[in-house]
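Read the structure below first, then the notes.
Please treat every number below as a calculation from the coordinates, not as lab data. Just so we're clear, the structure is a prediction, and the values are computed from it rather than from any experiment. Virtual Cβ from ideal backbone geometry, glycine too; neighbours counted across all protein chains shown.
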Amino acid sequence: MKCVILAAGEGKRMHPLTYTRPKVMLPIAGKPILEWNLRNARAAGLKDFIFVVSYKSEMVREYFGNGKKWNIKITYVNQGEPMGTAHAIGMVESFVNDCLVMCGDTIFGTNDIKKIKRKGNKIGLIKVENALEYGIVELIGKYVVKIYEKMDRPFTNVINAGIYHFNKDMFSYIRNTEKSARGEYEITDSINLFASKEKMEGVFLKDWRDVVYPWHLLDANEELLKKLKTKIQGTVEKNVTIKGPILVGKGTVIRSGSYIEGPVIIGDNSNIGPHCFLRPYTTIGNHCHIGNACEVKNSIVMDHSNVPHLNYVGDSVIGEHCNLGAGTTVANLRLDKNNIVVTLNGKKIDSKRRKLGTIIGDNVQTGINSTINVGTMIGNNVFIGLGALAKEEIRPDSKIL
């Protein structure tokens, strides 16, 4: 059986992080989302993969190559202009007979993948608290009657989880799928056509993690880090305090006086300390610098970024090649303790989080003693000047002085 992973989308709800990378390449617990799915699918016995790519596909191809590193085979199919999930899956018809299909930007557990790959046409289902953002699934017994896309008033909390087992027959329904109101060919419409004539079994999943907005990366990062086991490949100097599990990559140095409270991941060739404080559920990438008198808590710092002098970063995601000037501070809690409302792509969104710092795109520089307000979305290539206040949404290539 071949495993088809849909990895073509930009993920606009993940701005500002996806201005410079496809959503599937966003890192969680030290690995891209797509790699977590690849590893879990491989553990479920799948070794022949097809990646459907488009937006900034060179990043996916460069990272994963032909799959030899993971002892698997990867074939790439370029979707070109994104025209919906049914169109993307239809691109692989000539490559497959029986296949497992999954969305590359949602993490699926190994045992659930095993259940979906069993014989017969299947769709993964999950129950969620808030079903407004998802496709609602109507069932009779264990079989699908219909999928309803993003209902204003869902009649159930059972949703389409984004993983399927299709046999060759499904492709005839995909070919007969018409464009939706959004102007795309939707796989849910194809499934509705199929379910009106044949049986599509719904399978409830147990290990499922969706990441819709940038702050959901922090939730997924925390969940995966809870499974972390200590492994230190770098150098830990004297007078470093380590409590809880940590992973330290090759070439990384943790300097004297640093205090690390795991679970924490630190990548390769990074420079940590001296005298810094890394708090739980933090992931630091490769070639990073967390310096003197800095505190980082429950955050993701991507490759080649620096938090070097007298900085506080909490509940935040920092992109690649960023540098925080001395004294730059991130606020992560409103004074009234209410949920933090974010402005994203010009729209106000309740993050449902009481603590949320900032989401920073790539190549952002801040001047000394600058301040970043709660829930600030900062685009790539932004410069924030000495003593400046950054707040709300800052578009790419802006200057805040």
* Structure fact -> For the chain the mean separation of alpha carbon contacts under 8 Å (6+ apart) over residue count, i.e. relative contact order in percent, is 11 percent
* **Sequence of ARG21, ARG175, ARG153 once ranked by neighbouring C-beta atoms within 10 Å, starting from the fewest** => ARG153, ARG175, ARG21
* Taking a 30 Å limit on the Cα-Cα distance, which of the listed pairs LYS150/LYS297; LYS179/LYS347; LYS142/LYS179; LYS47/LYS122; LYS56/LYS146; LYS23/LYS197 fall beyond it? -> LYS150/LYS297; LYS56/LYS146; LYS23/LYS197
* Asked: Can you list the aspartates and glutamates whose alpha carbon is less than 14 Å from that of LYS337, not counting same-chain residues fewer than 8 positions off?
  -> ASP350
* Isotropic mean projected area of the C-alpha convex hull, the range 146-245 (nm²) -> 11.4 nm²
* Rg and Dmax of the range 2-212, Cα atoms only, in Å -> 16.0, 47
* Structure fact -> Cα pairs beyond 37 Å in the chain, in percent, come to 26 percent
* Give me the aspartates and glutamates in straight-line cross-link reach of LYS114: C-alpha distance below 16 Å, same-chain residues under 8 apart excluded. => ASP48, ASP98, GLU201, ASP207
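How big is D for the range 262-333, in µm² s⁻¹ as a whole number, if Stokes-Einstein is applied with the Kirkwood radius of its Cα pairs at 4 °C and 1.567 mPa s?
113 µm²/s
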* Descending semi-axes in whole angstrom, ellipsoid equivalent of the range 221-400, from the Cα gyration tensor -> 27, 18, 14
* For the chain, with a Gaussian network of springs between Cα atoms less than 10 Å apart, report the residue from LEU278, LEU100, LEU335 with the top mean-square fluctuation. => LEU335
* Could you pull out every residue, at least 5 positions away or on a different chain, whose amide H is within less than 5 Å of the one on GLY135? Hs are placed 1.01 Å off N in the peptide plane, and Pro or chain starts have none. => LYS150, ASN160
* Using a basic spin-label model with each label point 7 Å from the Cα along Cα→Cβ, how many nm lie between ARG182 and ASN339? -> 2.2 nm
* **Three principal axis lengths of the range 21-72 [C-alpha, angstrom, descending]** => 29, 23, 16
* Can you give the calculated 222 nm mean residue ellipticity of the chain, where each DSSP H run of n ≥ 4 adds -39,500 (n - 2.57) and the sum is split over every residue, rounded to the nearest 500 deg cm²/dmol? -> -4000 deg cm²/dmol
